[in-house]
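These notes concern the structure reproduced below.
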Amino acid sequence: MEEEGYIADFNGIEKPGDYFHRLRDEIQNYNEKFHAFNFIPEKLEEGFPFSVKDNICVKGVETTASSRILSGYLPPFDATVVRRVKEKGFSFIGKTNMDEFGFGSFGINTDISARNPFDEDRVAGGSSSGAAVATALIKYHIAIAESTGGSISNPASFCGVVGFTPTYGAVSRYGLIDYANSLDKIGLMARSVKDIEFVFDIMKGKDEHDSTSVDRKIENKKSRKITVIDEMISGVDEDIRKSFDSLLGKLEAQGYKISHTSLKEIGISGPVYYIISMAEASTNLAKFSGFKYGLKVEDFSLDYNTFFTNARDAFGEEAKRRIILGTFVRAASVRARYYQKALSLRALLIRKMREILKDSYILSPTMPIKAPKIKDVEKLTPVQNYMLDILTIPPNLCGFPHISFPYDYIDGLPIGAQVITDHFNDKALFSFVEDWENNFTYKFKYNLGEI
Amino acid sequence: MDDTEFDRLLRICRLRLDKKERERIKKDVDEIIGYFNKIDDLNCDLEPAFHPIEIEGRMREDSVEKFDDQEALLKNTKTYRNFVLGPRI
């Protein structure tokens, strides 16, 4: 695959000798205001810049998943995706901010929230908040991010960048700090889908270190049909609904056949997702026991239970909530009612969505609201918070590849739409969004590193 | 969920909450379980989907792989004469 997009531009331009030195300083300065990065290296190597979400390991670089319990953890290896991208000459520019362990939709479950580049009083989205902000700030850059229930689409939409979540299993998870193993996917954010396609080709493919990674051909079965699921647009804000209708009009004019359908199972995808993800998270977080990885409980005279409980004081409140609920749904007395039933309902939802996806894309707004103000989301209850994920959860729960791309600006804020296709048809998404980019210009307020 | 059941759950989770945090989280947990109960609206007897795609069980060769950077590994632990220090069992 040939370089295109910003990567091709960057590699084709002659750069001043101190370019990477200046880029580093510029990123550091802007980080004071936007908090996109948890870590920026002292010196940048030459190459096209890439950032890494802070739940993905980079050898010798502090990797915390924005959690106190991992503070000081220095992975002795690179995650497979990081190794593959480094080997192709890309330049690592830092670890990006996120909700602790990926637990959040607004990037506020961290020490200092990342700020939306379009309005600093607003959230960047989450959980890959810093990845989206970095992409919106830096002109030549690609972000390695991760999604469990919408952590790529959501911030990509709020920050006006392209966010790609691949088919589950298409990209190795080795070196990712697990949130929910059956849901986590490592993906990408960029300013153009062409850059995403180029780097996805480098990252994808089976990895002996991840038994859930698969070696399947990634297809490009294009469709001229788009299906809108009524339950996915019924609860969105009025201004977004109007704007989405106008997007459908534009796509129709470009030759797509639009149809509407009902899928009542969408309504239960939220609870199904949260039951499965919390069950898996509650077991994954048990490995942080206070004597290896990050935070240390120094008092070795304590008995194991007290020692372990002391270590777990370092979890944030949302992490504690999810451990409690995940442990609850796995309890023998209720396991069949919650955990096992949620797994069956996931099978049902996959079947129902595949019936639609066999000859059509599914399209929806990415988020039901515009990027909200930080002070407003702090007042939401957890359930109100979870319900805002209703559009990004279905493809994530079912492992379908999807892309969020900017398609409009309302009150100066970017709005994203999410296109979904069948398992392992990821390349068709690239074709779809490339067609869109040929007719629409994305807006950016900042262009750090411009040459 | 009554207080006894909630406290039992906290013990299993090895979590300790202060009074205010306990009150807040207990209320949230009750509300979230109500949200989970929405799945009662649908009946389903399909085989559970442990993964979203078919994944064949894969075994790797049962052989030793050398990791030659012990020093980097031990950086993440407290050690005594190259033994990792941990709590009493």
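The values are calculated or read from the model by the stated rules, or taken from the named source; none is laboratory data. All values reported here derive from a predicted model rather than from experimental measurement. Here the Cβ positions follow ideal geometry from the backbone for every residue, glycine too, while neighbour counts run over all protein chains shown. Heads up: the accessible areas ignore ligands, DNA and RNA and are worked out on the full protein's heavy atoms, side chains in. Shrake-Rupley method; radii C 1.70, N 1.55, O 1.52, S 1.80 Å.
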(request) For the range A:365-420, compute Rh as the Kirkwood radius over C-alpha pairs and then the Stokes-Einstein diffusion coefficient at 10 °C and 1.306 mPa s; write the answer in µm²/s, rounded to an integer. (result) 127
(message) For a quick check of understanding: with a 1.4 angstrom probe and all protein chains in place, what accessible area in square angstrom does residue B:77 have, to the nearest ten?
(response) 30
(request) Would you pull out the residues with amide H under 5 Å of residue A:37's amide H, same chain only if 5 or more places away, H placed 1.01 Å from N? (result) A:97
(message) Given 25 °C and 0.890 mPa s, compute D for the range A:266-345 with the Stokes-Einstein relation, Rh being the Kirkwood radius over Cα pairs; round to the nearest whole µm²/s.
(response) 177
(request) Any of A:86/A:341; A:139/A:375; A:206/B:75; A:257/A:427; A:296/B:66; A:33/A:379 with alpha carbons more than 32 Å apart? Name them for me. (result) A:86/A:341
(request) Evaluate E = 1/(1 + (r/R0)^6) for residue A:381 and residue A:443, where r is the Cβ-Cβ distance and R0 equals 35 Å; express this FRET efficiency to the nearest 0.05. (result) 0.55
(request) Take peptide A:160-173, look around each residue's Cβ out to 10 angstrom, count Cβ atoms belonging to other protein chains, and average those counts. (result) 1
(message) 5 Å is the cut-off here: which amide hydrogens, built 1.01 Å from N in the peptide plane, fall below it relative to residue A:61, excluding neighbours closer than 5 in sequence?
(response) none
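Can you tell me the order of A:145-155, A:212-222 when each peptide is scored by its average per-residue count of other Cβ atoms within 10 angstrom, highest first?
Averaged packing, sorted descending, gives the order A:145-155, A:212-222.
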(request) Would you kindly derive the ³J(HN,Hα) couplings of the range A:295-310 from the backbone phi angles with the Karplus curve 6.51 cos²θ - 1.76 cosθ + 1.60 (θ = phi - 60°), listing them in order in whole Hz, with x for Gly and Pro? (result) 4, 10, 8, 6, 7, 7, 7, 6, 6, 4, 4, 5, 4, 5, 5, 4
(message) Can you bin every Cα-Cα distance in chain A into 20 Å intervals starting at zero and give me the percent of pairs per bin, rounded to whole numbers?
(response) 27, 60, 13, 0
(message) Could you compute the net charge surrounding residue A:45? Neighbours are other residues with a C-beta less than 12 Å from the C-beta of residue A:45; K and R count +1, D and E count -1.
(response) +1
(message) For a test of the definition: using alpha carbon positions, the gyration tensor, and the 1.5 limit on a/c, classify the range A:300-358 as rounded, prolate or oblate.
(response) prolate
(request) Starting from the alpha-carbon convex hull of the range A:216-326, give the projected area averaged over all orientations, in nm². (result) 12.0
(message) Please list log₁₀ I(q)/I(0) at q = 0.11, 0.17 Å⁻¹ for the range A:76-209, using the Debye equation with identical point scatterers on the alpha-carbon positions.
(response) -0.34, -0.84
(message) Under 5 Å between amide hydrogens, which residues at least 5 positions from residue A:187 or on another chain qualify, with H placed 1.01 Å from N in the peptide plane?
(response) A:145, A:146, A:147
(request) Per residue of A:309-321, count partner chain C-beta atoms within 10 Å of its C-beta, then hand back the mean as an integer. (result) 3
(request) Quick one: among B:36, B:67, B:50, which has the greatest mean-square fluctuation in a GNM of chain B with alpha-carbon springs under 10 angstrom? (result) B:67
(request) Return the whole-Å distance between the Cα centroid of the range A:162-193 and the Cα centroid of the range B:3-37. (result) 31
(message) Averaged across A:343-356, how many Cβ atoms of other chains sit within 10 Å of each residue's Cβ atom?
(response) 4
(request) Run through all the Cα pairs of chain B and give the fraction in each 5 Å bin from 0, expressed as whole percent. (result) 2, 8, 10, 9, 8, 10, 14, 14, 12, 10, 3, 0
(message) Counting only other residues whose beta carbon sits under 11 Å from that of residue A:427, what net charge do I get with K and R as +1, D and E as -1?
(response) -1
(request) Specify the inter-centroid distance of the range A:199-229 and the range A:70-102, based on alpha-carbon positions, in whole Å. (result) 22
(message) Spelling out what I want: for every residue of the range A:36-42, take phi, set θ = phi - 60°, compute 6.51 cos²θ - 1.76 cosθ + 1.60 (Karplus), and round to whole Hz; glycine and proline get x.
(response) 6, 10, 8, 8, 10, x, 5
(request) Report the net charge of residues surrounding residue A:348, where surrounding means a beta-carbon distance below 12 angstrom and charges are Lys +1, Arg +1, Asp -1, Glu -1. (result) +2
(request) For A:30, B:80, give the ranking by accessible area with the largest first, probe 1.4 Å. (result) B:80, A:30
(message) Using alpha carbons only, how many angstrom separate the centre of the range A:403-451 from the centre of the range B:47-89?
(response) 39
